[in-house]
Amino acid sequence: MKSSNPVFSRWGATRDAAPAGAHTRHPVGVTAGGGPADDYLTNPYAPAAGAGPDAGARTAGTAITMDDVVVRTATTLGTVVLTAVLSWLLLPVDEANIGRSYGIAVGAALIAFVLSLVQAFRRAPAPALILGYAAFEGVFLGVISSATSTYIAPGVVVQAVLGTFAVSAGVLIAYRMRWIRVDRRFAGFVASAATGFLLLLAADLLFSAFGAGNGLGFHSGGLGILFGVIGILLGAAFLALDFRQVEDAVAYGAPREEAWLAAFGLTMTLVWIYLQVLQVLSILNSDN
């Protein structure tokens, strides 16, 4: 399926037109040699009841396209950016208002977290939940970015945005060129690494809450930079998984509403990468 978007047009094209050696989808579950294809024995998006190998096929009006993913992702990211800009302008972080602004930012982050959990446990995407998550996440990012720019370095937010674009472009190129293979083993490794990373974050919060003001030292100095770089690498790995999810959805004829799930996953990953890049740059600027 072709897309009018110049970045994704060749990525979502028909697999029969791919050059020799390119990655090819086999929705019926077997390759030409008779082995399993792409970790799936059957179409993962096929209807559950009475599904044959091709039962997941949908018409052009009901199946997801790359344009659907691009539009939904742009809408979700646009919501994040809009509310981030508004919170930057309307929630000042000067000495007189910083406490109130931080309180609103923390509350927005908690609401965004709850909305993301609700959506994660739903079987079907809910655009209202996804856009609500994006709006509250944007409020949090706007206040944090404003405070970082005000008290650490004026240009660090622009650098973090450019860094996020650079990481995303690098992962997209690596994925499109098949320099990385995103399969079940890759997903398992990333999930294990992310679990360990989150456990360390939780331990850091506990140490900070019970007397160790700097926690485990993950937010300053060389250890903080290392931890941030690891976070960026994890975000890049999750971005590759998001690309695989989108490619599978298009190739296997997933229902059109899956575009919202793709937008949700991409937005969460990009927000994560931005925060990790911002942390690394903030530490580097504070050490100068």
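Bear in mind these aren't lab numbers, they're just calculated from the coordinates by the rules spelled out. Fair warning: this is a prediction, and the values are worked out from it, not measured in the lab. Cβ: placed from backbone, ideal geometry, glycine included. Neighbour counts: every protein chain shown.
Using the Cβ-Cβ distance between L201 and T62 with R0 = 30 Å, the FRET efficiency computed as 1/(1 + (r/R0)^6) comes to roughly 0.15.
The stretch 144-196 and the stretch 257-288 have Cα centres lying 6 Å from one another. 3J(HN,Hα) couplings calculated from phi for the stretch 134-148 with the Karplus curve 6.51 cos²θ - 1.76 cosθ + 1.60 (θ = phi - 60°) are, in sequence order, 4, 5, 5, 5, x, 4, 4, 5, x, 5, 4, 5, 5, 5, 5 Hz; Gly and Pro show x. Stretching the chain fully between N285 and A128 yields a gain of 52.7 nm (0.36 nm per residue, less the alpha carbon separation). Between V106, L82, S116, the Cα set farthest toward the positive side of the dipole of the stretch 63-287 (charges on each charged residue's Cβ, about the Cα centre) is that of S116. Each of L141, L115 has some number of other Cβ atoms within 10 Å of its Cβ, and from fewest to most they run L115, L141. Shown for E257, E95: other C-beta atoms within 10 Å of each C-beta, ranked fewest to most, produce the order E95, E257. Overall, the stretch 66-138 carries a charge dipole of about 300 debye about its Cα centre when +1 sits on the Cβ of Lys and Arg and -1 on the Cβ of Asp and Glu, all other atoms neutral.
Backbone phi angles across the stretch 257-265, fed through the Karplus curve with coefficients 6.51, -1.76 and 1.60 (θ = phi - 60°), yield HN-Hα couplings of 5, 4, 4, 5, 5, 4, 4, 4, x Hz in residue order; Gly and Pro are listed as x. L162 to L89: FRET efficiency via 1/(1 + (r/R0)^6), r the Cβ-Cβ distance, R0 35 Å, to the nearest 0.05? Plugging the Cβ-Cβ distance into 1/(1 + (r/R0)^6) gives 0.95. Rounded to the nearest 20, the size of the Cβ-charge dipole of the stretch 63-287 about its Cα centre is 480 debye, with Lys and Arg at +1 and Asp and Glu at -1. With 0.36 nm allotted per residue and the present C-alpha distance subtracted, the M177-E257 stretch has 26.0 nm of extension available.
Among S146, S116, S286, sorting on how many other beta-carbon atoms sit within 10 Å of each Cβ, with the fewest leading, yields S286, S116, S146. Computed from the Cβ-Cβ distance with R0 of 30 Å, the FRET efficiency linking R184 to N97 stands at 0.05.
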